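The next block holds one structure in the form of structure tokens; read it before the comments.
The values are calculated or read from the model by the stated rules, or taken from the named source; none is laboratory data. None of these values were measured; they are calculated from a predicted model. Cβ atoms come from the backbone with ideal geometry, glycine included; neighbour counts cover every protein chain shown. We work out accessible area using only protein heavy atoms, side chains counted, and drop any ligands, DNA or RNA first. Shrake-Rupley method; radii C 1.70, N 1.55, O 1.52, S 1.80 Å.
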Amino acid sequence: MLEVAQPIKNLVPYVTGKPIEETKREYGIKKVIKLASNENPLGASAKVKLAVKKAINEIHLYPDGACYDLKQAYAKTFRLKPENLVFGNGSDELMGLILQAYCQPGDFVVMFDLSFVAFKIHAQARCLNVHEIKLKDGFEYDMDALISFVENQWTPKHKVIYLPNPNNPTGVYVRKNDLDRLIKAVQARKDVLLVLDDAYMEFARAKDYAVASDYLSSTPNLLVLRTMSKAYGLGGLRVGILIGDGKVVEPINKVRVPFNLSNLAQVAAVAALKDQNHVKKSVKVAWQGIDFLYKELKKMDLPVWKSQGNFVLFDVKRPTGPVFESLLKKGLIVRPLKNYGLPTIIRLSSGTMAENRFALKMLKKVLSE
Ligand SMILES: *Cc1c(COP(=O)(O)O)cnc(C)c1O
């Protein structure tokens, strides 16, 4: 047998949220609630469902590889230029494409500890080194340390900074003042590509949160990632967005497979963009849920982190493995963060209020068993 390539041999794959059907099958239960992947508990907009139904007769045709309609609709919705957009099969795919276009084996990618792990996995799979910068207390980003790294320790092998804002799983965000400083440091160098991942931008409600796209016109070496998997409720259809300078996104388009977005995904995304009310409603539901979960988890005397995303983190002060198992048996899927090196911490996505209440009830039961 041919030997597996070295970086793949040791690669720890991404841990996804446990699927609902799998849980039903394994535990022989009928009702399962999944609050493990930060999905939209309201589902997709009714307009999206209608558009997908209408498009069903076209599924024998290859999709538009250029995503023309979607590009136009997205550019119009956010006042961007169509030539600055690339769509991906989720932003996950785009992460890999960025690295493929800009890094060679042995190069370095820089990020904070506990950054969304998908980017790190893409880097490792491509024989890249990952330099992780330590966090401050409370999982806070240490922007001084990152800026100092860029200014003093950057070498010709260092290529990309990946910065999710807000981050998953920690829920922390970058204060505008800090983002301004980082952008300035990055603008001063031609050999740095900054990737800001705004996957949860719709949910961020801190007064000093700034969206990454505001910096695009002044910062050609900035790439912005967004997704329609969270606030737009299209996780299952896979629509990620990359925004950047035309010259910077061009090589990414080169390495992209021609038909990376299905026609249903494209049609759904266009319809979802047109229903901004659904997005607003979804964000409101998430905020209500987070506030409720935060308050109730505090009452249970569990250390809890209020996040700028649509999820909360809390510490069950014991190994999460058995807690996770017991919750599954009761029909609740949560996300233990052992793979991030946090063996006692659980991430819980905000669901509908009924789902949130169910989650707390089951958690109380399991923790008192
Ligand atoms: C969920 C998530 C994404 C989006 O992934 P998709 O591939 O677009 O579904 C990207 N970044 C972060 C930080 C996320 O949590």
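Fraction of C-alpha pairs exceeding 18 angstrom in the stretch 237-369: 65 percent, rounded to a whole number. Each residue of the stretch 200-214 was assigned a 3J(HN,Hα) from its phi angle through the Karplus expression (A = 6.51, B = -1.76, C = 1.60, θ = phi - 60°), giving 10, 3, 5, 8, 5, 10, 5, 4, 9, 8, 10, 6, 5, 5, 4 Hz with x at Gly and Pro.
Per residue of the chain, the DSSP helices (runs of n ≥ 4 H) give a summed -39500 (n - 2.57) that works out to -12500 deg cm²/dmol at 222 nm. What accessible area, in Å² to the nearest ten, does a 1.4 Å probe give for D315? About 30 Å², rounded to the nearest 10.
Summing charges over neighbours of P258, with a neighbour being any other residue whose Cβ is under 14 Å away from its Cβ, gives 0 when K and R count +1 and D and E count -1.
Computed over the alpha carbons of the stretch 87-190, Rg followed by Dmax gives 13.4, 36 Å.
Normalised per residue, the accessible area of the stretch 182-259 is 39 Å², obtained with a 1.4 Å probe and no contribution from ligands, DNA or RNA. For the set F108, F259, F324, F149, the ranking by accessible area, highest first and with no ligand, DNA or RNA atoms included, is F259, F108, F324, F149 under a 1.4 Å probe. Classify the stretch 147-278 as rounded, prolate or oblate from the Cα gyration tensor: take a ≥ b ≥ c as the square roots of its eigenvalues, call it rounded if a/c is under 1.5, otherwise prolate when a/b beats b/c and oblate if not. In terms of gyration-tensor shape, oblate. When nucleic acids and ligands are ignored and a 1.4 Å probe is applied, M300 ends up with an accessible area of around 40 Å². Taking 0.36 nm per residue of separation and subtracting the current Cα-Cα distance, fully stretching the chain between S368 and N277 would add 28.7 nm.
Full extension of the chain between R318 and H60 gives 87.7 nm of extra length, using 0.36 nm per residue less the Cα-Cα distance. Taking a point 7 Å out from the Cα of K136 in the direction of its Cβ, the residues of the stretch 165-201 whose backbone N falls within less than 11 Å of it are 175, 178. The listed residues H122, H60, H158, H131 rank as H60, H131, H122, H158 when sorted by accessible area, largest first, using a 1.4 Å probe. Here the chain carries DSSP beta bridges of which approximately 50% are antiparallel, counting only pairs with both residues inside. Orientation-averaged projection of the chain equals 19.8 nm² [convex hull of Cα atoms, one quarter of hull surface area]. DSSP finds beta bridges in the stretch 167-257, and of those with both partners inside it, around 60 percent are antiparallel. Short version: what are the Cα gyration tensor semi-axes of the stretch 169-234, square root of 5 times each eigenvalue, largest first, in whole Å? The three semi-axes for the stretch 169-234 are 22, 14, 10 Å. As a calculated quantity, the FRET efficiency between N10 and R181 at R0 = 35 Å, using C-beta atoms, amounts to about 0.45.
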